[in-house]
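The values are calculated or read from the model by the stated rules, or taken from the named source; none is laboratory data. What you see is a predicted model; the values in this text were computed from it and never measured. Using ideal geometry, Cβ is built from the backbone for each residue, glycine included, and neighbour counts are taken over all protein chains shown.
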């Protein structure tokens, strides 16, 4: 509906929406986030999250998918310990839920 009403989101808008999301993730243990541009150079920006510590990126991705609602990510760099979040169809409330879920996953003791 939003896309039909307003068209695609600009890269500048995506970057602005990503800033608080990335800052919140950077406050979580064992996660380091930054804003990255689409690899093909398109005006698309994502959150790139490096997973360090007890859990692997693949384990975090699996845990994100396991709960309801499932959270899906770009998994192309999971072998390198990196998860990407594409926020084009995600609103602020949903981004807050992603951060909350990441905190729960990273705070879980078992691997």
message: I want to confirm something. Restricting to the stretch 78-89 and keeping residues that are surrounded by fewer than 16 Cβ atoms within 10 Å (Cβ to Cβ) and part of a loop (DSSP other than H, G, I, E, B), which single residue is modelled with the lowest pLDDT?
response: 89
query: Can you name the residue in the stretch 44-77 that is surrounded by 13 or more Cβ atoms within 10 Å (Cβ to Cβ) and part of a loop (DSSP other than H, G, I, E, B) and is also modelled with the lowest pLDDT among such residues?
result: 54
